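The values are calculated or read from the model by the stated rules, or taken from the named source; none is laboratory data. Bear in mind that the values here come from a model prediction, so they are computed numbers and not experimental data. So basically every Cβ, Gly included, is an ideal-geometry build from the backbone, and we count neighbours across all protein chains shown.
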Amino acid sequence: MIQWVGQKPQDNQDVIVCLGFFDGVHKGHQKLIQTALQAKAQTGALVCVHTYDESPVHIIRAGKADLELTPFKEKVSLLFSLGVDTVAVSHFDKQMMEMSGDDFLDQVLLKAMRVTHIITGYDHRFGYHGKTGPKELESLCNARGIQLSVVPAVTLENGMAVSSTAIREAIQRGEIMTASEMLGREPDEQMIKRVTQGDI
């Protein structure tokens, strides 16, 4: 169910996991990782990012163009450069799409990964039809004795929230400076081509 890129946690090792697809590894994603690294400094736990081998859009919205900011290998490289210890990869298919939030927590995060602390964004939702958001996850974590940290929105000076969708839209409008502010780096030519022209 899980493929590890990087070190696999030991049986007795605490794991902090950051949840999300992490397309772009933008400033919002970076804030999740910073939060995890702060927790690691206090507990010594392993910092992990959970992601998928391909975009859930391919299954959830079959036929819809998916303009990824960062292909898998590039994403993983960026995650490790930010100090992540390991990346846990799930295959997103119809079975995964239909898994409830409760089952994802129990079967993937707890059983397969032995997670002790979950870090998620304020707007991240998962489980069938996205029914599990931070509020629902808080109840699930409380019932299982799992620590939860919810990271608020990261915004630009103009108040615009950083997100993968906002970055794609900025690039499509030719607003490269705005995209750069959200990413924390300049988008390269390949990213611009993927977003404006589709898969390359």
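Starting from residues that are hydroxyl-bearing (Ser, Thr, Tyr) and in a helix (DSSP H, G or I), keep the ones in the range 28-53 and report whichever is surrounded by the fewest Cβ atoms within 10 Å (Cβ to Cβ).
Of all residues in the range 28-53, those hydroxyl-bearing (Ser, Thr, Tyr) come to 35, 43, 51-52.
Next, from what is left, pick out any that are in a helix (DSSP H, G or I): 35, 43.
Values: Thr35: 19, Thr43: 12.
In this case the residue turns out to be Thr43.
Does Met191 fit the bill of being within 15 Å of Val25 (Cβ to Cβ) and either under 21 Å from the mean Cα position of the chain (by Cα) or in contact (Cβ under 8 Å) with a residue 12 or more places away in the chain (or both)?
Numbers: within 15 Å of Val25 (Cβ to Cβ): yes; either under 21 Å from the mean Cα position of the chain (by Cα) or in contact (Cβ under 8 Å) with a residue 12 or more places away in the chain (or both): yes.
Yes; evaluated as a whole, the condition is true for this residue.
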Output the residues belonging to the range 98-140 that are part of a helix (DSSP H, G or I) and within 16 Å of the chain's Cα centre (by Cα). Gly101, Phe104, Leu105, Val108, Leu109, Gly130, Pro134, Leu137
How many residues are surrounded by fewer than 19 Cβ atoms within 10 Å (Cβ to Cβ), in contact with a helix residue (DSSP H, G or I) (Cβ under 8 Å, 6 or more places away or on another chain) and under 30 Å from Ile171 (Cα atoms) if we restrict to the range 91-118? 2
List the residue pairs whose Cβ atoms are under 7 Å apart, where the first residue sits in the range 1-22 and is among the aliphatic types (A, V, I, L, M), the second is in a loop (DSSP other than H, G, I, E, B) and surrounded by 21 or more Cβ atoms within 10 Å (Cβ to Cβ), and the two are 6 or more positions apart or on different chains. Ile2/Met113; Val15/Ala45; Val15/Met113; Ile16/Ala45; Val17/Met113
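Taking helices (runs of 4 or more DSSP H) that do not extend beyond the range 156-198, which have at least 1 residues that are surrounded by 15 or more Cβ atoms within 10 Å (Cβ to Cβ), at pLDDT below 95 and on the phi > 0 side of the Ramachandran plot? Give the steps one after another, and end with the answer.
Details: elements: 164-172, 176-183, 189-197.
Once the helices (runs of 4 or more DSSP H) in the range 156-198 are filtered for at least 1 residues that are surrounded by 15 or more Cβ atoms within 10 Å (Cβ to Cβ), at pLDDT below 95 and on the phi > 0 side of the Ramachandran plot, nothing remains.
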Which of the residues that make up the range 128-170 are within 24 Å of Ser55 (Cα to Cα), touching a residue at least 24 places away in the same chain (Cβ under 8 Å) and not aliphatic (A, V, I, L, M)? Tyr128, Lys131, Thr132, Glu136, Pro152, Ser163, Ser164, Arg168
If Asp23 passes every condition in (1) surrounded by 19 or more Cβ atoms within 10 Å (Cβ to Cβ); (2) touching a strand residue (DSSP E or B) at 6+ places or on another chain (Cβ under 7 Å) but one, which one does it miss? (2)
